[in-house]
Amino acid sequence: MAIAGRDFRELRLDDMSRNFGTVNALKGVTLTVRRGEFIALLGPSGCGKSTALNCLAGLLTLSSGSIWLDQTRIDRLKPEERGFGMVFQNYALFPHMSVRKNIAFGLSMQGRPKDEIERKVDEALAIVRLSEQGHKLPGQLSGGQQQRVAIARAIVIEPPLVLMDEPLSNLDAKLRLEMRAEIRRIHDLIGSATIYVTHDQEEALSLADRIVVMRAGEVRQVGTPEELYGRPAHADVAEFMGYRNQLRVTAARAGNQVMIRTGNVTLAGSAVEPFTEGEAVAAIRPEDLEVSANGPVEARTETSQYHGDYFYSSGRTADGAELYFRSDRRLTKGEIVRLAADPARVLVYAGGRP
Amino acid sequence: MTDAALTKAAERPPLRVRLKLRDIDGVTLLVVPAALFVLLLFIYPFAYGFVLSFKPKTGDLFANYRKFFSDPFLYDTILATFRLAIPATLINVLVSVPVALRVRRMRHRRVLTTLLVVPITLGTVLIAQGLLIYLGPQGWFNRALTLIGIGQVRLVHNYTGVMLSLIMSGFPFTFLLTLSYLTGIDPSLEQAAATLGARARARFFHIVLPLLAQGLAINMCLSFVQTFSVFPSAVLLGAPAGETRVISIAAYQAAYEQYDYSMASAVAMIMGFCQLAVVMLILAGRSFAYRGAAAGGKG
């Protein structure tokens, strides 16, 4: 393929901060992105991930810190001088231009010759599999097609970096899965770096090489999907990665394991460093907490939802803690069950949160 | 009645339901006052005037029209009106674009908007009064000019005076309309254009202007119609017997100085025709522009 991201070694965000009045939307984000990497910025709404993306694109100026593309400082450049491709949440296709004109826009702004523009637009249309739709106006396309035009428009200028701001959030569930695979395929094909903003942990896990988890304007953890899924570094990251059971416990070391107590329940878990004895939070995925005849936890069932292979149920312990767990049959409300979890899958974090 | 007819009658939904299916219900009745208003205060007088214009005091059916187009004192008013209305419209609409572009990004937009809207609430006569005093031979403006040695400039009781008044009273309208059309353009479109390498100038000409064209056309129509029917400021600030003898003055004189209602109606019809012609021309030009949502996607 002739469309390839412009060559560079790394993009460095150095202590990048942005304030809105007295609100610190971004507090000292530092990150290095290598060429060819797919990075997901993951976090709840208002965590600063879109602010970070807009700062990268040049749509927002930094309050402090700097951005470097190899040896060039770029944070003072205007968006039109950076040459990054950006895919907007609402696609931002030019409604008065045909699909071809939309895709050609960036190239004609660079003043490329006509025949080169035609050729590149053809290639970009082929990459996003829309060769037949070139003459249409954006309004005549479906949401998924519009999304692909937006991607084609961003990659056709061969940017070193493609920025995507929740590009799938306006699509329905089925299309979202399709487009997810499509986005990763296109990323691998053109070989530039992609920074992808999402609040959907599943999307981040399945797409990214590395995930940057953000909360309240700060980077909480950077790691591969496996690292984040298996061993979140903080209780709040764990909560965001699907560790829905978060119990306030008292913890004490016992050999390689940690014994945790809450009310009259005692459970074995593993500590996430740094760890101190005493007040702690235990995080357990609902998938890891299973109904078991001899389980150490007793709970009274409240709800039980069918999820195909299993039932996703919730209940309360005698002292009122809410638990989410899986069962292989539908439980009736009020039914008493015993639950157990593999100590390796009970993560214990020091400190009093939540 | 046969059984078949009975079932058929039962199957047919009641009138209410059938009307509802065509979106006609009780709320539709709210249109009636407005329709009556238009009928009584616009369509009837218009039709009455139209018929009246073909019943001249003397002469045949078209005598009024023949008289108008053979007397330079009358037909020159068309030219005088166009000479005011076209530049005033263009200035008002074209200047409103950069101002609105800037105001759109302002944090204290409401303060400035309010300031700009004040002339609307003042009315033409108050504006004329103010201009006469301020720009007149003994006004501050000319006294200041004399003081710095430039000397007197004649700004009222001529074309300039009327033009200034048309701009002062017309600009707030065009500005507000342009501003609302402009805020309807999704800002992410310009951001997208910027990330694709378009500088401010290119963003304006490739993205903003094409999406604004539709609104500017409507804006021009409204502004033109308003300035074409200029009367008070042409009399108060202009030279109503000379260069600002606009067509509405001709109609007024026919009606209230010569008491020739038929002739006045004919002048009004000619005036209406001129307005209609320009509006049609602008709207025809509009069909070359993009018409549709100024948003970038399903959002």
Check whether at least one residue in the range B:105-126 is more than 14 Å from chain A (Cβ to nearest Cβ), surrounded by 20 or more Cβ atoms within 10 Å (Cβ to Cβ) and of a type in the set (A, V, I, L, M, F, W, C), and report yes or no.
-> no
Some residue of the range A:262-280 being modelled with pLDDT of 90 or more, assigned to a loop (DSSP other than H, G, I, E, B) and either over 21 Å from the mean Cα position of the chain (by Cα) or buried (at least 18 other Cβ atoms within 10 Å of the Cβ) (or both) = no
Filtered residues of the range A:124-148 (kept if under 15 Å from A:Arg185 (Cα atoms) and part of a helix (DSSP H, G or I)) = A:Ala124, A:Leu125, A:Ala126, A:Ile127, A:Gln147, A:Arg148
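Out of the residues in the range A:305-323 meeting the condition of being surrounded by fewer than 18 Cβ atoms within 10 Å (Cβ to Cβ) and closer than 15 Å to A:Tyr243 by Cα, tell me which one is modelled with the lowest pLDDT.
To start, the set of residues in the range A:305-323 that are surrounded by fewer than 18 Cβ atoms within 10 Å (Cβ to Cβ) comprises A:305-310, A:312, A:316, A:318-320, A:322.
Add one more test, that the residue is closer than 15 Å to A:Tyr243 by Cα, and what stays is A:312, A:322.
Working: A:Tyr312: 92, A:Glu322: 89.
Result: A:Glu322.
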Is one or more of the residues making up the range B:269-290 part of a loop (DSSP other than H, G, I, E, B), at pLDDT 90 or above and surrounded by fewer than 17 Cβ atoms within 10 Å (Cβ to Cβ)?
-> no
Residue hits (the range A:12-46; under 21 Å from A:Ala193 (Cβ atoms) and out of contact with any helix residue (DSSP H, G or I) (no Cβ under 8 Å at 6 or more places or on another chain)) are A:Arg12, A:Asp14, A:Asp15, A:Thr30, A:Leu31, A:Thr32, A:Val33, A:Arg34, A:Arg35, A:Gly36, A:Glu37, A:Ile39
Of the residues B:Pro240, B:Pro210, which is within 11 Å of chain A (Cβ to nearest Cβ), within 26 Å of B:Phe173 (Cα to Cα) and either surrounded by fewer than 24 Cβ atoms within 10 Å (Cβ to Cβ) or of a type in the set (A, V, I, L, M) (or both)?
-> B:Pro210
Scope the range B:183-192; condition without any contact (Cβ under 8 Å) to a residue 60 or more places away in the chain and more than 7 Å from chain A (Cβ to nearest Cβ); matching residues | B:Pro187, B:Glu190
Looking at (1) more than 25 Å from B:Cys221 (Cβ to Cβ); (2) surrounded by fewer than 16 Cβ atoms within 10 Å (Cβ to Cβ), can you tell me which one B:Phe54 breaks?
-> (2)
Find the residue count for the range B:244-268, including only residues that are in contact with a Gly (Cβ under 7 Å, 6 or more places away or on another chain) and part of a helix (DSSP H, G or I).
-> 2
Residues that are of a type in the set (Gly, Ala, Ser) and buried (at least 18 other Cβ atoms within 10 Å of the Cβ), drawn from the range A:20-40 = A:Ala25, A:Ala40
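Can you find, within the range A:105-129, the residue that is surrounded by the most Cβ atoms within 10 Å (Cβ to Cβ) among those that are more than 14 Å from chain B (Cβ to nearest Cβ) and of a type in the set (A, V, I, L, M)?
Filtering the range A:105-129 for residues more than 14 Å from chain B (Cβ to nearest Cβ) gives A:113-116, A:118-119, A:122-123, A:125-129.
Subsequent filtering for residues that are of a type in the set (A, V, I, L, M) retains A:125-128.
Working: A:Leu125: 21, A:Ala126: 13, A:Ile127: 21, A:Val128: 23.
Ranking the candidates gives A:Val128 first.
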What are the pairs, 6+ residues apart or on separate chains, where a residue within the range A:150-165 that is within 8 Å of chain B (Cβ to nearest Cβ) and assigned to a helix (DSSP H, G or I) has its Cβ under 8 Å from a residue that is polar (S, T, N, Q) and crowded, with 24+ Cβ neighbours inside 10 Å?
-> A:Arg153/A:Asn102; A:Ala154/B:Thr195
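Pick from B:Ala241, B:Ala194, B:Ala234: which is modelled with pLDDT under 95 and either part of a helix (DSSP H, G or I) or in contact with a strand residue (DSSP E or B) (Cβ under 8 Å, 6 or more places away or on another chain) (or both)? It would help to see each step written out before you state the result.
Details: B:Ala241 fails: either part of a helix (DSSP H, G or I) or in contact with a strand residue (DSSP E or B) (Cβ under 8 Å, 6 or more places away or on another chain) (or both); B:Ala194 fails: modelled with pLDDT under 95.
On inspection, the qualifying residue turns out to be B:Ala234.
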When only residues in the range A:206-241 that are without any contact (Cβ under 8 Å) to a residue 60 or more places away in the chain and hydrophobic (A, V, I, L, M, F, W, C) count, which is surrounded by the fewest Cβ atoms within 10 Å (Cβ to Cβ)?
-> A:Ala233
Identify all residues within the range A:81-93 that are under 13 Å from B:Ala198 (Cα atoms), in contact with a Pro (Cβ under 8 Å, 6 or more places away or on another chain) and of a type outside the set (Gly, Ala, Ser); write none if there are none.
-> A:Phe84
Name, by its number, the condition in (1) under 27 Å from A:Leu69 (Cβ atoms); (2) surrounded by fewer than 19 Cβ atoms within 10 Å (Cβ to Cβ) that does not hold for A:Leu177.
-> (1)
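Take A:Leu168 and tell me if it is part of a loop (DSSP other than H, G, I, E, B) and not small (Gly, Ala, Ser). Before the answer, list the steps.
Numbers: part of a loop (DSSP other than H, G, I, E, B): yes; not small (Gly, Ala, Ser): yes.
When the stated conditions are applied, A:Leu168 passes them.
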When A:Arg6 is run through (1) within 14 Å of chain B (Cβ to nearest Cβ); (2) farther than 22 Å from A:Asp209 by Cβ; (3) touching a Gly at 6+ places or on another chain (Cβ under 8 Å), the failure sits at (2)
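Quick grid of which residues meet (1) modelled with pLDDT of 90 or more; (2) surrounded by 11 or more Cβ atoms within 10 Å (Cβ to Cβ):
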{"site": "B:Thr2", "(1), (2)": "no, no"}
{"site": "B:Ile24", "(1), (2)": "no, yes"}
{"site": "B:Phe46", "(1), (2)": "yes, yes"}
{"site": "B:Phe50", "(1), (2)": "yes, yes"}
Just need a number here: residues in the range A:90-104 that are touching a residue at least 12 places away in the same chain (Cβ under 8 Å) and more than 8 Å from chain B (Cβ to nearest Cβ).
-> 7
State whether one or more residues within the range B:139-157 are on the phi > 0 side of the Ramachandran plot, at pLDDT 85 or above and loosely packed, with under 14 Cβ neighbours inside 10 Å.
-> yes
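The values are calculated or read from the model by the stated rules, or taken from the named source; none is laboratory data. Since the structure is predicted, the reported quantities are computational estimates derived from the model, not experimental observations. Ideal geometry is used to build each Cβ from the backbone, glycine not excepted, and the neighbour counts take in all protein chains shown.
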